[in-house]
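To start, the structure itself, in structure tokens.
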Amino acid sequence: MLEIRNLAVDYGKHVALQGVSLDVAEGETVVMLGANGSGKSTLLKVIAGLVRPREGASIGFLDAPLLGRKAHEILERGVALVPEGRGIFPELTVAENLLLGAYPRRARSDEAANLAKVFDLFPRLAERRRQPVATMSGGEQQMVAIGRALMSAPRLLMLDEPSLGLAPVLVGELFEVLATVRESGISLLIVEQNVRISLSIADRGYLLEAGRIVGEGSAATLADDPSVQHAFLGVASDA
Ligand code: ATP
């Protein structure tokens, strides 16, 4: 479904990604594990059309090239990003934030049905639909961000460190919701430092270190690999 080959990104003299190739199959959940600064967010931003890579890379989505397309065109094709820090509008209500997500032409005609699905997935958002997002907890705000991305009826949902800043109990709840999203057939590409819980819902994973992919395997293999826990992710693996 998503095929990335030979991706490199420079920020001035700093090489953020180098020689990155990866795949996500239809219906698959893939997690990208890596420490702070390893290039995880940059990867998602390139796919979403927000950062331009060096010449020589290719990104294919459902057999069409994505590189060179504008961010809104990529969203229109079914690739949605839940950015780190969530990118929601705090002064707007839950419902207003969600409806902003129904931006792609493809999703507009199904707006009411998609909103009902999001409220099914997150009953708390239904209860609080008229509440300004600024007054909600971190976990609830993350739900709004995910719900808004789902309003675009994505085929591939990308999440940038969704567990960041959440209490452990909320991280558990969040990943239960992501497991439900996965069961609905949407492919997931999740960037995380939280090794154990992200692998628990993933099919496969990659390890990113200083901008390069240094390992990959099935979620079960990576979860059992002591080097994943220690060499790459240090104490973050216990988070
Ligand atoms: P984190 O987990 O801390 O969010 P990350 O793995 O997502 O990290 P990136 O945000 O992709 O990492 O950043 C990779 C590297 O590129 C870092 O060293 C970062 O400082 C650098 N970088 C990111 N964005 C820019 C930018 N706009 N200009 C210059 N350097 C940048």
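So what J values fall out for segment 47-57 if you push phi through Karplus, 6.51 cos²θ - 1.76 cosθ + 1.60 with θ = phi - 60°, rounded to Hz, Gly and Pro as x?
Per residue, the Karplus-derived 3J(HN,Hα) values read 4, 6, x, 9, 10, 9, x, 5, 4, x, 8 Hz.
Between residue 63 and residue 108, what FRET efficiency comes out of the Förster formula 1/(1 + (r/R0)^6) with R0 = 30 Å and r the beta carbon distance, rounded to 0.05?
It comes out at approximately 0.75.
Using Cα springs under 10 Å in a Gaussian network model of the chain, which residue among 29, 180, 42 shows the largest mean-square fluctuation?
Most flexible of the set in this elastic network: 180.
To test your reading of the geometry: what angle, between 0 and 90 degrees and rounded to tens, separates the Cα axis of helix 168-183 from the longest principal axis of the chain?
For 168-183 against the chain, the angle is about 90 degrees.
What does DSSP give for the chain in terms of the percent of beta bridges that are antiparallel, rounded to the nearest 5?
Around 50 percent antiparallel, to the nearest 5.
Can you list the residues, at least 5 places off or on another chain, whose amide H is less than 5 Å from the amide H of residue 188, using H built in the peptide plane?
Close amide H contacts, sequence-distant or interchain: 28, 29, 30, 157.
Out of segment 43-146, which GluC sites (Glu not before Pro) are coil in DSSP terms and have no more than 11 other C-beta atoms within 10 Å?
55, 91
Given Cβ point charges of +1 (Lys, Arg) and -1 (Asp, Glu) and nothing else, what value in debye, to the nearest 20, does the dipole of segment 84-154 about its Cα centre take?
Dipole magnitude for segment 84-154 comes out near 140 debye.
Suppose we keep just the alpha-carbon trace of the chain; what are its Rg and Dmax in angstrom?
17.2, 49
Nothing charged except the Cβ atoms of Lys and Arg (+1) and of Asp and Glu (-1): what's the magnitude of the dipole of the chain about its Cα centre? Round to the nearest 20 debye.
So the dipole magnitude of the chain works out to roughly 760 debye.
Might you report the magnitude of the Cβ-based charge dipole of segment 1-119 about its Cα centre, with Lys and Arg at +1 and Asp and Glu at -1, to the nearest 20 debye?
Result for segment 1-119 is approximately 300 debye, rounded to the nearest 20.
What is the distance in Å between the Cα centres of segment 1-70 and segment 73-146?
Using only Cα atoms to place each centre, the spacing works out to 25 Å.
List every residue whose amide H lies under 5 Å from the amide H of residue 17, counting only residues 5 or more places away in sequence or on a different chain, with H placed 1.01 Å from N in the peptide plane.
9
In the Gaussian network model of the chain, springs joining C-alpha atoms below 10 Å, which of 157, 92, 199 carries the largest mean-square fluctuation?
Largest GNM mean-square fluctuation: 92.
Go through 169, 159, 109 and say which Cα lies farthest out towards the positive end of the charge dipole of the chain; charges sit on Cβ, +1 for Lys and Arg, -1 for Asp and Glu.
Of the listed residues, the answer is 109.
Once you sort the root eigenvalues of the Cα gyration tensor of segment 84-154 as a ≥ b ≥ c, which label holds: rounded (a/c under 1.5), prolate (a/b larger than b/c) or oblate (the other case)?
Prolate shape, in that a/c is at least 1.5 and a/b is the bigger ratio.
Here, each number is a calculation from the coordinates, and none is a lab measurement. A quick note: this is a predicted structure, and the numbers were derived from the prediction, not measured. Cβ: placed from backbone, ideal geometry, glycine included. Neighbour counts: every protein chain shown.
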